[in-house]
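S.K.: First the structure, then my questions, so here it is.
Please treat every number below as a calculation from the coordinates, not as lab data. Just so it is clear, the structure is predicted and the values come from calculations on it, not from any experiment. Neighbour counts are summed over all protein chains in view; Cβ atoms, including those assigned to glycine, are modelled from backbone coordinates with ideal geometry.
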There are 2 protein chains.
Amino acid sequence: MIGAGYFDSHQLSKEILEVQKLTQAPFAVNLFTPNDIKYDKKQIEQMNTKLKPYREALGLSTPKNSTVKEKEKFEDAIEVIESLKVPIIAFTFGIPNQNIIKRLHNAGKILIGTATSVEEAVENENAGMDIVVAQGYEAGGHRGSFTTINGEFPLVGTLSLVPQIVDNVSIPVIAAGGIMDGRGLVASLALGAGAAQLGTAYLTTNESGADDKIKNEIIESSETDTILTNVFSGKLARGIMNEFVHNMNLYSKQVPPYPLQNQLTTQIRKSALEKGYTEWTHIWSGQSTRLADTVDAAQLTKNIINDAVKIINNK
Amino acid sequence: MIGAGYFDSHQLSKEILEVQKLTQAPFAVNLFTPNDIKYDKKQIEQMNTKLKPYREALGLSTPKNSTVKEKEKFEDAIEVIESLKVPIIAFTFGIPNQNIIKRLHNAGKILIGTATSVEEAVENENAGMDIVVAQGYEAGGHRGSFTTINGEFPLVGTLSLVPQIVDNVSIPVIAAGGIMDGRGLVASLALGAGAAQLGTAYLTTNESGADDKIKNEIIESSETDTILTNVFSGKLARGIMNEFVHNMNLYSKQVPPYPLQNQLTTQIRKSALEKGYTEWTHIWSGQSTRLADTVDAAQLTKNIINDAVKIINNK
């Protein structure tokens, strides 16, 4: 799975071609479904005031007002995926419109949606998604939520969410959120999922592109060190608590929506990390930090399968 | 398991004798470990002002300042348990002191502690508990938390919490939180637990003492309808969102600690429920509401075991 939410079409092509050079096996690209957002310029100005101390400390200037081009970026990505014949496309942050779904289905693509509640899973099935990811509260980074209850995204734990989604859709379900090893995989299958999706587990592998300092922060954290916050990107995401989150959470209700806040904090996070200061950058992680390890990705996959087979055979 | 946290010694004796009349099998009593609390009288007065509209609407007067006698109640319960020869005692809200633990161990009792983080589980093991319940974020009602991180109780999902606790203690682990059926039981075993503990699943059974209106509210709810709140009891607990929770959450930081807030709201909740108004009473429930059903308790147990065996054999 290529996580392509932040890529422009050039980066996306490059990644796809690289994967195709390495394997004949099918793989997926994950895209952020663009959403309509509401904000006013004052919100941006106010946020820039709050971010000023960080920028000054890092020697950064206030970025120019960038225009939001999520829809164009999404359209470009769809074109790249079609022309390079990627067989599977996964969507997060919502369901693409029927034109896109029909176009991709006509091209023979398998489409995966993401749900953090039963309602979202049913909407994915009704829209024609072939598979749905049941993504629980434990998951690291941004979850795929696109509905709110009393103004908040769903916060349902994986063990609770998976069987309730399985009971209410007829398409296959992939469990996600807090799964790190063979135990989590077998638990997912027992709950009725057909497969499991692991994020944080592969983030700390040797092949992962994440900075070593980020990998270390995750590995040295405990299960109570993560928090849900919108201060990095404008969308709720789970990461390790640090100084930026602690300080900026005071303004969490004034944060401009994704992707605006994401753009406003990008330089701060990048610059802080380059200077080795992880307190001012995002450290996305699920809640199962104690199960994270630095291993080769292939070895991790083997371990997961071997452990799962052992658990199943011991029963 | 007799949930005896709210019982005086008379009620507890009665329940134990009733269970002993019905079965020769071993059973447990669950007790609230008493904690030292800090509060001032002004806090109580202010809360009484906030609660006044509810009391007036229900024709209730402000209750007299009740003295906190949790420690005496706990001591009395221990004596009843010893004299009536209950074999297993489970503790929540903390670990009892070493005098109690040694006294109960010398009497041959099996002691179960409750943990909502790895740290709490390790503390339980170090204190001499024989078994520990790993209670995840999805759990209904009060969880057993007794440590805080940045002023908040641990909020770790069951699927993430169980294997991390299993890896860090050598005593047996019981999984709890969101488990309702054979799927949840098999998932718990796959995660490394030796057993599973179910609360909400039995709350809606025909034999349960819960009011039918409460059972119906749970069964008709969806997985996103529960919320964590301290407004009923002064301690964080999960229940179905309703008017009282919504309105009183505005004052959640001013709520007096358990058991004070519990005493202040008891008459309101009782009276509202008697009048059929569930919007002003607690409806404790875990997140797996869609899996709740009205069945006989014995049938539920059979279903869970049969389904678990089927899942294990199909693999």
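S.K.: Picking from B:Ala107, B:Ala121, B:Ala297, which is most flexible by a Gaussian network model of chain B using Cα springs under 10 Å?
M.R.: B:Ala107
S.K.: Hey, another quick one. Within the set B:Lys109/B:Lys270; B:Lys102/B:Lys302; A:Lys52/A:Lys213; A:Lys253/B:Lys270; B:Lys64/B:Lys253, which residue pairs have Cα atoms separated by over 31 Å?
M.R.: B:Lys109/B:Lys270; B:Lys102/B:Lys302; A:Lys253/B:Lys270
S.K.: About the Cα centre of the stretch B:2-314, how large is the charge dipole given +1 on each Lys and Arg Cβ and -1 on each Asp and Glu Cβ? Please answer in debye to the nearest 20.
M.R.: 600
S.K.: What FRET efficiency do you get for B:His246 and A:Ser83 if R0 is 45 Å and r is their Cβ-Cβ distance, rounded to the nearest 0.05?
M.R.: The pair B:His246/A:Ser83 has a calculated efficiency of 0.30.
S.K.: Then there's this: Modelling each spin label as a point 7 Å along the Cα-to-Cβ direction, I'd like the A:Lys21/B:Lys69 distance in nm, to one decimal.
M.R.: Spacing of the two 7 Å Cα→Cβ label points: 7.9 nm.
S.K.: Residue farthest toward the positive end of the dipole of the stretch A:2-314, with Cβ of Lys/Arg at +1 and Asp/Glu at -1: which of A:Thr204, A:Gln267, A:Pro87?
M.R.: The one lying farthest along the dipole's positive direction is A:Gln267.
S.K.: Which of A:Ser117, B:Ser160 has the fewest other C-beta atoms within 10 Å, and how do the rest follow up to the most?
M.R.: Fewest-to-most ranking of A:Ser117, B:Ser160: A:Ser117, B:Ser160.
S.K.: Sticking with this one: Using a 10 angstrom cutoff on alpha carbons, build the Gaussian network for chain B and name the most mobile of B:Pro26, B:Pro163, B:Pro154.
M.R.: Its mean-square fluctuation being the largest, the pick is B:Pro26.
S.K.: Related question: I need the inter-copy label distances for A:Lys270: point set 7 Å along Cα to C-beta, values in nm with one decimal, smallest first.
M.R.: Nearest first, the other copies' label points are 6.4 nm away.
S.K.: Please compute the contact order of chain B in relative form: average sequence separation of alpha-carbon pairs under 8 Å and at least six residues apart, divided by the residue count, as a percent.
M.R.: 16
S.K.: Going 7 Å from the Cα of B:Tyr39 along its beta-carbon direction, which residues of the stretch B:223-259 have the amide nitrogen within less than 19 Å of the resulting point?
M.R.: Only B:229-238, B:245, B:248-259 fall inside the zone, counting backbone N under 19 Å.
S.K.: Pop the C-beta distance of A:Asn314 and B:Lys102 into the FRET formula with R0 = 30 Å and round what comes out to the nearest 0.05.
M.R.: Efficiency at R0 = 30 Å is approximately 0.25.
S.K.: Mean projection of the alpha-carbon convex hull of the protein assembly as shown over all orientations, in nm²?
M.R.: For the Cα atoms of the protein assembly as shown, the hull's average projected area reads 29.8 nm².
S.K.: Moving on to the next point. Cα atoms only: what Rg and Dmax, in Å, come out for chain A?
M.R.: 19.4, 61
S.K.: Determine the distance separating the Cα centre of the stretch A:130-176 from the Cα centre of the stretch B:151-179; give it in Å without decimals.
M.R.: The stretch A:130-176 and the stretch B:151-179 have Cα centres spaced 20 Å from each other.
S.K.: From the label point of A:Thr62, set 7 Å along Cα to the beta carbon, how far off in nm is each other copy's matching point, shortest first?
M.R.: Label-point separations across copies, in nm and ascending: 5.1.
S.K.: Sticking with this one: When the convex hull of the Cα atoms of the stretch A:175-275 is projected onto a plane and the area is averaged over all directions, what value comes out in nm²?
M.R.: 8.0
S.K.: What is the dipole size for the protein assembly as shown, taken about its Cα centre, with +1 at each Lys and Arg Cβ and -1 at each Asp and Glu Cβ, in debye to the nearest 20?
M.R.: Result for the protein assembly as shown is approximately 700 debye, rounded to the nearest 20.
S.K.: Considering only the label points, 7 Å along Cα→Cβ from Cα, what distances in nm to one decimal separate A:Asn303 from the same position in each other copy, shortest first?
M.R.: Copy-to-copy label distances for A:Asn303: 3.9 nm.
S.K.: Still on this model: In a GNM of chain B with a 10 Å cut-off on Cα contacts, which of B:Val169, B:Val231, B:Val19 has the highest mean-square fluctuation?
M.R.: B:Val19
S.K.: Given a Förster radius of 22 Å and the C-beta distance between A:Asp212 and A:Asn306 as r, what FRET efficiency does 1/(1 + (r/R0)^6) yield to the nearest 0.05?
M.R.: Result of the calculation: an efficiency of 0.25.
S.K.: Out of the DSSP beta bridges found with both residues in the stretch A:2-314, what percent are antiparallel (nearest 5)?
M.R.: Percentage antiparallel, nearest 5: 30.
S.K.: Around A:Thr226, under 14 Å between beta carbons, what's the net of Lys plus Arg minus Asp minus Glu among the other residues?
M.R.: Result for the local shell: -3.
S.K.: Continuing with the same structure: Which value, in debye to the nearest 20, gives the size of the charge dipole of the stretch B:97-197 about its Cα centre, when Lys and Arg are +1 and Asp and Glu are -1 at the Cβ?
M.R.: 340
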